[in-house]
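The values are calculated or read from the model by the stated rules, or taken from the named source; none is laboratory data. Being a predicted model, the structure only gives us computed values, none of them experimental. Positions of Cβ are backbone-derived with ideal geometry, glycine not excepted, and every protein chain shown enters the neighbour counts.
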Amino acid sequence: MRRVLVLAQFAVPPGAAGGTRHVELFARLRGWRGRILAADWAYGAGRRKVRVAEGQVEFRTVRVTGYRGNNLGRVVNWLTFLVSAATRGVVGP
């Protein structure tokens, strides 16, 4: 089975409100196993996301700083996602 890693900061887990296109895509692809790495901070909800493993899709979160609004906190959030996701993607769980 082929594997693919998707880095999508704002992806949401299966069953959550919002666009779950990445999860739905891998559920339909035969012969592929997907791992989605997303930020654990759900901006719209202002809280942490959950980790889920379901069928051919593994949804994992990486720790990032929380923020509200468009300020320096948002930039720090992007940078912490970049470092955390790259590290988790290369090193693994």
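A few remarks follow.
- Residues satisfying the stated conditions in region 1-30, i.e. without any contact (Cβ under 8 Å) to a residue 40 or more places away in the chain and of a type outside the set (A, V, I, L, M, F, W, C): ARG2, ARG3, GLY15, GLY18, GLY19, THR20, ARG21, HIS22, GLU24, ARG28, ARG30
- Within region 70-93, the set of residues being farther than 12 Å from LEU37 by Cα, surrounded by 14 or more Cβ atoms within 10 Å (Cβ to Cβ) and among the aliphatic types (A, V, I, L, M) comprises VAL76 only.
- Filter result (surrounded by 14 or more Cβ atoms within 10 Å (Cβ to Cβ) and either of a type in the set (Asp, Glu) or over 19 Å from ALA85 (Cα atoms) (or both)) within region 3-19: PRO14, ALA16
- Test: residue in region 42-65 that is assigned to a helix (DSSP H, G or I) and modelled with pLDDT under 80: no
- Within the set VAL83, VAL23, the sole residue that is part of a helix (DSSP H, G or I), of a type in the set (Val, Ile, Thr), within 14 Å of the chain's Cα centre (by Cα) and at pLDDT below 85 turns out to be VAL23.
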